[in-house]
Amino acid sequence: MGEKPAALGYATRAEAATEELRRRILSGELAEGVQLKQDHLAEEFGISRIPIREALVQLESEGLVTIVPHKGAIVSELSTDDIGELFTLRATLEPHLLRRSVPRLQSSDFGRLDEILVEFAAALKSGNPEHWGELNAELHRILLSRADRPRTLAIVDSLLSQTDRYTRVQLSINAEGMKRAQQEHKELVNLCRRGDSRQASTLLKRHIEHVGEELNNLVSKRNRR
């Protein structure tokens, strides 16, 4: 029994390291291709290499880090292949979940959704991509939350985490994309409030496909430079 507190301590340190490294990657503080050296990170965070290693494995599962043999962990590069696969999966699964979720959404859900729309507009004006990404993911998660499909929701939750980085890039570069995302989010919430699950799921599919297409174009252009 004496070893349990130590195990919990390692888990807590790994989670904290994961959260901080994720924040740095999503914000762009750690750029694509940067090598993440376990010794340096352990020294900086004041912890052992074990929780750092666990953090890097978790970030690899989220698509933010690539662990390369004989080189270690590096920040993953933005990839058109990844964009195509991730957004195709989202455009397939999320509308299905939304159709099931809409009839079960509650007044408390819509209260928070309305708050997110206000916060999203403020974040766009202030130019805060980190907050944009968080709010975008939360809005999607709330809309889908009443679907009563825990396994599919877990898959979509992972997809949202993996596409968060791409969404922030799209919002920070493309002003028109930001405006359209804001308008489509408003329309989605209004359709769901009216209980129109068919129109809402159609709009959600189109919304996700728009973002995927814009990101594909942005990353393709950048990679050709």
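Quick rundown of the values:
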| read-out | value |
| --- | --- |
| Any pair with Cβ under 7 angstrom, 6 or more apart, that starts in the stretch 103-115 at a residue that is touching a residue at least 40 places away in the same chain (Cβ under 8 Å) and ends at one that is of a type in the set (Asp, Glu) and in a loop (DSSP other than H, G, I, E, B) | none |
| Qualifying residue in the stretch 62-77 (condition: modelled with pLDDT of 90 or more, of a type outside the set (Asp, Glu) and assigned to a loop (DSSP other than H, G, I, E, B)) | no |
| Test result for Leu113, closer than 30 Å to Ser201 by Cβ, part of a helix (DSSP H, G or I) and in contact with a Phe, Trp or Tyr (Cβ under 9 Å, 6 or more places away or on another chain) | no |
| Qualifying position, being at pLDDT below 95 and under 20 Å from the mean Cα position of the chain (by Cα), among Ile83, Ile52, Ile116 | Ile83 |
| Counted residues, the stretch 12-27 - those being in contact (Cβ under 8 Å) with a residue 12 or more places away in the chain and closer than 12 Å to Arg165 by Cα | 5 |
| Residue satisfying condition, being outside the structural domain of Ser161 (by TED's automatic domain parsing), modelled with pLDDT of 85 or more, under 17 Å from the mean Cα position of the chain (by Cα) and not in a helix (DSSP H, G or I), within set Leu30, Leu21, Leu59 | Leu30 |
| Matching residues in the stretch 145-163 - criterion: being more than 15 Å from the chain's Cα centre (by Cα), closer than 23 Å to Glu187 by Cα and either part of a helix (DSSP H, G or I) or not basic (Lys, Arg) (or both) | Ser145, Ala147 |
| Residue selected from the stretch 97-107 under the condition of a type outside the set (A, V, I, L, M) and under 12 Å from Ser145 (Cα atoms), by the criterion surrounded by the most Cβ atoms within 10 Å (Cβ to Cβ) | Ser101 |
| Criterion violated by Glu94 - all others in (1) surrounded by fewer than 18 Cβ atoms within 10 Å (Cβ to Cβ); (2) modelled with pLDDT of 95 or more satisfied | (1) |
| Considering residues of the stretch 187-211 that are in contact with a Phe, Trp or Tyr (Cβ under 9 Å, 6 or more places away or on another chain) and at pLDDT 90 or above only, the residue nearest to Gly133 (Cα to Cα) | Ile208 |
| Ala137 being in a loop (DSSP other than H, G, I, E, B) and of a type outside the set (D, E, K, R) | no |
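The values are calculated or read from the model by the stated rules, or taken from the named source; none is laboratory data. This is a predicted model, so every value here is computed, not measured. With ideal geometry, Cβ positions are generated from the backbone for all residues, glycine too; neighbour counts draw on all protein chains shown.
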